[in-house]
Amino acid sequence: MEREQVVLVAKLIAYLLIIVGITILFAAIMYLLTDSGDWSSYVGIIVGVLMLGIGVALRNLIKKLKLDIK
C-alpha cells in the first residue's frame with residue numbers, strides 16, 4: 001500500500017472509532033438514566049469513552065505528524 005492509502009485507512013478508522021464511541025456512550029447514558037444503575041451501563045460508558053479517546057488521539061496524531069493529505 002502506498003503512504004496515501006495507509007493514511008486514508010488510518011483516518012477512516014479514527015473517525016469510525018469516534019462515531020462508535022459516541023454511539024456507545026450515548027446508549028449507555030440513556031440506559032443508565034432510564035433503568036437502574038446496572039454494572040453493564042458503567043462498562044458501556046467506560047468502553048465508549050475509551051473508544052472516543054483513542055479515535056480522537058489517532059486523528060490528532062495524524063494531524064500532528066502532518067500525515068494528513070490535503
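Counting only residues that are surrounded by 15 or more Cβ atoms within 10 Å (Cβ to Cβ) and of a type in the set (A, V, I, L, M, F, W, C), which one in segment 57-66 is modelled with the highest pLDDT?
Taking the candidates together, the pick is Leu58.
State which residue pairs qualify: first residue surrounded by 14 or more Cβ atoms within 10 Å (Cβ to Cβ) and inside segment 39-55, second residue in a helix (DSSP H, G or I) and of a type in the set (S, T, N, Q) in any location, beta carbons under 6 Å apart, and separation of 6 or more residues or different chains.
From segment 39-55, no pairs qualify.
The values are calculated or read from the model by the stated rules, or taken from the named source; none is laboratory data. Note that this is a predicted model, so its numbers are computed, not measured. Ideal geometry is used to build each Cβ from the backbone, glycine not excepted, and the neighbour counts take in all protein chains shown.
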